[in-house]
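Asker: Below is a structure I'd like to ask you about.
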Amino acid sequence: MTVFRIIQYLIPFHFSVAAFGWTPQRDIEPASNQSNSDQGKERSFFATGATPVLIVRDPLDASSKNVFEVTLSGLSTAPSPFLRWQTSEGGNAKKQKKILSVTSMGGGGFLLTADLSGHPLWTGEVRNLQLVLGYQGKPLEAKSSFGITYPHWDYVEKPMPKRARNHNGSLKLATYFSEGAVVQHSKNVKVWGSGPAGSVVSARWGDGDVVTAAADESGVWRVTMPALEPGGPYQLTVTCRDEEVVVSDIQAGVVWVCAGQSNMLYRMDTDPDDRKLAQESSLPLLRQFSARLEVADSPQLDNAGYATGPWYRADNAKQSLRFSSVSYHFGKGLYEHLGMPVGIITIAWGGTPASAFTRPDLMEDRSDFEYVWERWDKIQKARPNAQKQYDAALSTWKKNGRNGQRPKPPASLRKSWQPGGVYHAMVAPFFPVQIEGVVYYQAESNSTNPEPFADLLSALMQSWRQGWNNPKMPFYFVQLPRYETEQNWALTRQAQLVATQRNENAWLSVQIDQGERDDIHPKNKRVIGERLANQVAHIGYGKTELPIAPVYLEARPVDGGLACRFETYGSALMSRGGPLNHFEIAGADKAFVPAEAEVTGPNEVYVSSSAIKSPQFVRYAWANFPDDPNLVSAEGLPVSPFSSESWSDR
């Protein structure tokens, strides 16, 4: 059996995502160019990092003995290696599996072994196989011999991910730090970029104290700057050798992430009322940075933003029209409530499920998330044929003079559905940025399978909170408004409610009186954005005079009915325009019937029906498009739809 070896030097390479926001994977540079025909010969490589990439060029024979070993030395504790692969032709979708065993050899040496003989995942073609070596976020310096005992395996270079990196020796800053940037006030500011490897980089605010750092072997540098008082403008100066980069008009205020799918991406230039507002906008201290639409297989260091940006200011029509509508109205409300600069990082991609925004390893080896991987596998398999059909349809449309509607790419070409793809390319690049919290408007693409959605949102929150190293980072979820659809939006809304009830510092923004029967994109984003701003200012900044829509808490049996209790945030419940509607009640069989309901206290509603003698469950506004649900707060804000059924019993 053919054996070829790879000799590597592993220099400091691994950054902890939780600690600083990224986990870069360095390029492997071959010491000599060798063709595929060189298989079986010993190869030598000088590695600027530790992400060997192996590609299987032929289907593996499950009966073959596939064993490889990696010997590491000089380590104080055991490393954390794993294999990552992707299969096709009936195989599993891309996953991460920690299948390597680690054996201590004493003296700081460790032996990594993987025996893949007969492994069921290796019966078909295997692509994009990677060995990833992590070492607790600390520099790893070791030599390794990499022996592979299968003749069809070949060592290849891994393409460099798009990120802030020194390509020509010049000094560069991450694109977030460009003219007009907003940073979080009263907290240290992490600034990063690239420059000549090993060079010393100096940074300062205005004429303040200088902070220095050395660029690592790949040219990446990072400094932690002193906190700034609210206001501005501030000037950031970064120097390296004979180069200097000056960034002006930096403001210190509050920074929020606005994330989601198309309803969060929906821009100010889409709606006539918003277009008129943008023409008159004069808010120089409201600014937005929009993440570039991209996916990746691993966390990235930077996201370039739109080429015409990256920071937009809401003080002129041209730039205001490019704001996300929800981001604009939310940010405008915050600015009016707080009186300080507001920076919005908009991370949105139309038609994208929550799994794309979630760190992949949190969705692995869980039966309730198996559908995520199966769906992506199906998309991957259908992609080649779908691309041919789409190209043919597009060609025909062009030959016919572009008459009629341009053909739309089919779902199987949606790269944004890659599990974790958006998380890696559009969320992770901002982990070093200090933010206040997250506003999240996304659920439409998960309404086809709402049962696992509450757990998926919990995993999303976990992955983002770990990435930003803030376990209590607040999340505000926009509950789906009304829309007539074949999907189960009522259950999807309940999943959103359950996710906020199960997780600390998570709240629901109720919008059940909004929405359009035949349009999944409600045009009145102003109401949604303003309600979010009021809610965030009330809960996060002590502006308790601002109203918040009530949400359901619990139901208990009382005198042959059910008493429902709500969180009213200091307000009181009332009926708008007649008796309460849209309440239903059920016994143990969960056969719901219309019920009578009345407000019996500031935060309580009593529900009953003569048809149900021993009620067990109650629900409210349980429909995709409930007509005029009329349980509201004293300020007229709608109460959240809900069901008292146990989510775990579904």
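Asker: If you go through segment 431-450, how many residues are touching a residue at least 60 places away in the same chain (Cβ under 8 Å) and closer than 22 Å to Gly351 by Cβ? Can you show your working first?
Answerer: Of the residues in segment 431-450, the ones touching a residue at least 60 places away in the same chain (Cβ under 8 Å) are 431-446, 449.
Pick out the ones that are also closer than 22 Å to Gly351 by Cβ and you get 438-446, 449.
Total meeting the criteria: 10.
Asker: Same structure again: Scan segment 481-504 residue by residue and report those that are open to solvent by less than 30 Å² (accessible area, probe 1.4 Å) and either among the aromatic types (Phe, Trp, Tyr) or in a helix (DSSP H, G or I) (or both).
Answerer: So in segment 481-504, the residues open to solvent by less than 30 Å² (accessible area, probe 1.4 Å) come out as 481, 489-500.
Answer for segment 481-504, where residues must be open to solvent by less than 30 Å² (accessible area, probe 1.4 Å) and either among the aromatic types (Phe, Trp, Tyr) or in a helix (DSSP H, G or I) (or both): Trp489, Ala490, Leu491, Thr492, Arg493, Gln494, Ala495, Gln496, Leu497, Val498, Ala499, Thr500.
Asker: Condition (residue is in contact with a helix residue (DSSP H, G or I) (Cβ under 7 Å, 6 or more places away or on another chain) and outside any helix (DSSP H, G or I)) applied to segment 354-366: is it met by at least one residue?
Answerer: So far as segment 354-366 goes, yes, one or more of its residues are in contact with a helix residue (DSSP H, G or I) (Cβ under 7 Å, 6 or more places away or on another chain) and outside any helix (DSSP H, G or I).
Asker: Right, something else. Would you check if Ser202 is closer than 26 Å to Val427 by Cα, of a type in the set (Ser, Thr, Tyr) and assigned to a strand (DSSP E or B)?
Answerer: When the stated conditions are applied, Ser202 does not pass them.
Asker: When only residues in segment 615-624 that are open to solvent by less than 30 Å² (accessible area, probe 1.4 Å) and in a loop (DSSP other than H, G, I, E, B) count, which is nearest to Pro550 (Cα to Cα)? Spell out the reasoning first.
Answerer: Start the filter on segment 615-624 by keeping residues that are open to solvent by less than 30 Å² (accessible area, probe 1.4 Å), which leaves 615, 618, 620-621, 624.
Now narrow it down to the ones that are in a loop (DSSP other than H, G, I, E, B): 615, 621, 624.
Values: Pro615: 24, Ala621: 14, Asn624: 20 Å.
Taking the candidates together, the pick is Ala621.
Asker: A follow-up question, please. Can you go through Ile612, Ile585, Ile539, Ile528 and tell me which one is assigned to a strand (DSSP E or B) and touching a strand residue (DSSP E or B) at 6+ places or on another chain (Cβ under 8 Å)?
Answerer: Ile585
Asker: Continuing with the same structure: So, in segment 168-190, exactly how many residues are assigned to a loop (DSSP other than H, G, I, E, B) and within 22 Å of the chain's Cα centre (by Cα)?
Answerer: Of the residues in segment 168-190, the ones assigned to a loop (DSSP other than H, G, I, E, B) are 168-171, 174-181, 185-188.
Checking which are within 22 Å of the chain's Cα centre (by Cα) leaves us with 174-177, 181.
Number satisfying all stated conditions: 5.
Asker: So, in segment 187-202, of the ones that are polar (S, T, N, Q) and closer than 30 Å to Asn470 by Cβ, which residue ends up most open to solvent (accessible area, probe 1.4 Å)?
Answerer: Residues of segment 187-202 polar (S, T, N, Q): 188, 194, 199, 202.
The next check asks that each one be closer than 30 Å to Asn470 by Cβ; those that pass are 188, 194, 202.
Details: Asn188: 84, Ser194: 0, Ser202: 30 Å².
Here the answer is Asn188.
Asker: Looking only at segment 446-476, which residues are over 11 Å from the mean Cα position of the chain (by Cα) and open to solvent by 20 Å² or more (accessible area, probe 1.4 Å)?
Answerer: Residues of segment 446-476 over 11 Å from the mean Cα position of the chain (by Cα): 446-456, 458, 466, 468-476.
Result: Thr448, Asn449, Glu451, Asp455, Ser458, Gln466, Trp468, Asn469, Asn470, Pro471, Lys472, Pro474.
Asker: Output the number of residues of segment 258-315 satisfying the condition of being surrounded by fewer than 20 Cβ atoms within 10 Å (Cβ to Cβ), polar (S, T, N, Q) and within 20 Å of Tyr441 (Cβ to Cβ).
Answerer: Of the residues in segment 258-315, 2 are surrounded by fewer than 20 Cβ atoms within 10 Å (Cβ to Cβ), polar (S, T, N, Q) and within 20 Å of Tyr441 (Cβ to Cβ).
Asker: Another question about this same structure. Can you tell me which residue is nearest to Pro638 (Cα to Cα) among those in segment 588-609 that are part of a loop (DSSP other than H, G, I, E, B) and of a type in the set (A, V, I, L, M, F, W, C)?
Answerer: Step one: of segment 588-609, the residues part of a loop (DSSP other than H, G, I, E, B) are 588-592, 595, 602-603, 609.
Applying the additional criterion that residues be of a type in the set (A, V, I, L, M, F, W, C) yields 588, 591-592, 595.
On the way: Ala588: 29, Ala591: 26, Phe592: 22, Ala595: 19 Å.
Among those residues, the one meeting the criterion is Ala595.
Asker: Of everything in segment 508-523, what is in a loop (DSSP other than H, G, I, E, B) and either farther than 18 Å from Pro272 by Cβ or open to solvent by 40 Å² or more (accessible area, probe 1.4 Å) (or both)? Give them in sequence order. Reasoning before the result, please.
Answerer: So the first thing to find is which residues in segment 508-523 are in a loop (DSSP other than H, G, I, E, B), and the list is 510-514, 517-518, 520-523.
Hits for segment 508-523 are Val510, Gln511, Ile512, Asp513, Arg517, Asp518, Ile520, His521, Lys523.
Asker: Now for a different question. Kindly provide the set of residues from segment 336-372 that are open to solvent by 10 Å² or more (accessible area, probe 1.4 Å), in contact with a Lys or Arg (Cβ under 7 Å, 6 or more places away or on another chain) and either aromatic (Phe, Trp, Tyr) or under 26 Å from Leu532 (Cβ atoms) (or both), ordered by number.
Answerer: Answer for segment 336-372, where residues must be open to solvent by 10 Å² or more (accessible area, probe 1.4 Å), in contact with a Lys or Arg (Cβ under 7 Å, 6 or more places away or on another chain) and either aromatic (Phe, Trp, Tyr) or under 26 Å from Leu532 (Cβ atoms) (or both): His337, Gly351.
The values are calculated or read from the model by the stated rules, or taken from the named source; none is laboratory data. These numbers come from a predicted model, not from an experiment. Don't worry about glycine lacking a Cβ; one is built from the backbone with ideal geometry, like all the others, and counts go over all protein chains shown. Surface accessibility is based on the protein's heavy atoms, side chains included, excluding ligands, DNA and RNA. Shrake-Rupley method; radii C 1.70, N 1.55, O 1.52, S 1.80 Å.
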